[in-house]
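The values are calculated or read from the model by the stated rules, or taken from the named source; none is laboratory data. All figures in this text were calculated on a predicted structure; none of them were measured in a lab. In this analysis, Cβ positions are derived from the backbone assuming ideal geometry, glycine residues included, and neighbour counts consider all displayed protein chains.
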Amino acid sequence: MNHENRDRLAPVLILTAGTLWGSMGLFVRRLGSEGAGLSSVEIVQMRCIVAAVLLFFYMLARDRDALRIRLCDLWCFLGTGLCSIIFFNLCYFRTIQMTSLSIAAVLLYTAPAFVIALSAPLFGERITGPKVMALLLTIIGCVCVSGLLRGSGALTLPGFMIGLGAGLGYALYSIFSRFALERGYSSMTISFYTFLIAALGTVPFVSAANLGRAVAGSPSTVGFIALFGFVTTVIPYLTYTRGLQGVENGQASILASVEPVVATLLGILVFHEVLHADEAAGMALILGAILISSRAEKGA
């Protein structure tokens, strides 16, 4: 009964993760160049450090055994931490520099296609008609939400390839997490080692002096960074990884695409951004994809 309830709750957990990831803009605007002056990679490192520290002390107090991993399984966590978190962020930020924010966002959201393509041979997940339909609606919806149809961002071949690299890296979290889950690790253990490794992996790309200035310049920034890490990292990655126990990788990736919908809505409600017709259509398409994906899972 517990397993059945967990499976039933899995799509809700994935949607919760996507919703919280969609709230990142609220934090990034304050921590970024216009606020505390942190670079994109420095913001990523702060998220990883906060997540690793919070998870470590929680596990130390509640379940020390969850801190133990087998050395032969270390590759799973190197995959989630380096190949996913670090690789996708570096590719994503580089794509933004080479093209435009809208193009980078669309290329990032090719991730569900990579997840579905990789999960078929690796985990035996079927590529069904509803899954393909949901994937197409998701990609088209992300194109609309990004505002790319209204923009004129130039796209070069190197920018396109690096952007696809961001999508692949984003997808690899689902792949490596599934391997770790199948080896008996909890979502807590997977998340902790993911962010510990990612925090260490970002060291060569950040300025310790700049981080020190940002934190020392405003004591409230420390609390804000802690909240940022908890709300946009600890909770969503725990719920997403837990949700993977109850749904296929491909469905999870499509459900998590609620993120740009939430980000757009928050931009309208909090920052008074204008909702364009293509954005509204894109949100409808993404929500339609989520509905198709959810119904397909129930009928499976």
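Restricting ALA209, ALA171, ALA180 to residues that are out of contact with any Cys (no Cβ under 8 Å at 6 or more places or on another chain) and farther than 21 Å from SER257 by Cβ narrows the list to ALA209. Considered as a group, the residues in the stretch 18-33 that are over 15 Å from GLY229 (Cβ atoms) and buried (at least 21 other Cβ atoms within 10 Å of the Cβ) include one that is modelled with the highest pLDDT, and that residue is GLY18.
Filtering PHE271, PHE228, PHE205, PHE195 for residues that are modelled with pLDDT of 95 or more and farther than 19 Å from ASP7 by Cβ leaves a single hit, PHE195. Scanning the stretch 271-296 for residues that are assigned to a helix (DSSP H, G or I) and of a type in the set (D, E, K, R), we see that the one that is nearest to LEU20 (Cα to Cα) is GLU279. Among the residues of the stretch 209-228, at least one is more than 20 Å from ILE286 (Cα to Cα) and aromatic (Phe, Trp, Tyr).
Contact map, the stretch 203-218: residues that are within 14 Å of ILE43 (Cα to Cα) paired with residues that are outside any loop (DSSP other than H, G, I, E, B) and hydroxyl-bearing (Ser, Thr, Tyr), Cβ distance under 8 Å, separation 6+ or inter-chain. Pairs shown: ALA214/THR221; VAL215/THR221.
Out of the residues in the stretch 250-300 that are under 30 Å from LEU122 (Cβ atoms) and of a type in the set (Ser, Thr, Tyr), which is surrounded by the most Cβ atoms within 10 Å (Cβ to Cβ)? Only one residue tops the list, namely SER253. Applying the criterion of at least 2 residues that are crowded, with 19+ Cβ neighbours inside 10 Å, at pLDDT 90 or above and small (Gly, Ala, Ser) to the helices (runs of 4 or more DSSP H) found wholly in the stretch 72-191 leaves 111-123, 129-145, 157-182. Among the residues of the stretch 53-93, the ones that are farther than 30 Å from PRO158 by Cα and among the hydrophobic types (A, V, I, L, M, F, W, C) come to 14 in all. Looking across ILE268, ILE235, ILE254, one residue alone is within 17 Å of the chain's Cα centre (by Cα), closer than 24 Å to GLY288 by Cα, in a helix (DSSP H, G or I) and of a type outside the set (Gly, Ala, Ser). It is ILE254.
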